[in-house]
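The values are calculated or read from the model by the stated rules, or taken from the named source; none is laboratory data. Since the model is a prediction, treat every value here as computed from it, not as a measurement. Glycine gets a Cβ as well: all are built from the backbone with ideal geometry, and neighbour counts include every protein chain shown. Ligands, DNA and RNA are stripped out before the accessible areas are found, and what is left, the full protein with its side chains, is counted by its heavy atoms. Shrake-Rupley method; radii C 1.70, N 1.55, O 1.52, S 1.80 Å.
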Amino acid sequence: MSTVTYTVQGMTCGHCVSSVKEEVGDVAGVTSVEVDLATGLLTVGSDGPVDAAKIVAAVQEAGYEVAGQS
């Protein structure tokens with residue numbers, strides 16, 4: 001299992017968190033999604049490598065921007 005953390009900008013409430021979790025959770029290969037509203041951190045777990053561009057696209061689909069990846 002691999003874990004990648006992204007920084008998401010623009011989230012301000014619980015609905016924001018839910019939207020991001022739903023969109024990212026629909027990406028093929030993603031097994032877990034955790035979002036920390038206070039820090040803007042999005043932690044994505046998967047069984048194997050997941051294309052970062054797909055995660056970024058999912059976050060954008062939810063209406064937010066990825067500011068970085070670690």
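Criterion first (on the phi < 0 side of the Ramachandran plot, within 8 Å of the chain's Cα centre (by Cα) and not aromatic (Phe, Trp, Tyr)) does ALA58 satisfy it?
yes
When residues of the range 45-70 are filtered for being open to solvent by less than 60 Å² (accessible area, probe 1.4 Å), under 14 Å from ALA28 (Cβ atoms) and in contact (Cβ under 8 Å) with a residue 24 or more places away in the chain, how many remain?
So the answer is 7.
Could you check the range 1-42 and list, in sequence order, the residues that are open to solvent by less than 70 Å² (accessible area, probe 1.4 Å), touching a residue at least 40 places away in the same chain (Cβ under 8 Å), assigned to a strand (DSSP E or B) and closer than 17 Å to GLU61 by Cα?
Hits for the range 1-42 are TYR6, THR7, VAL8.
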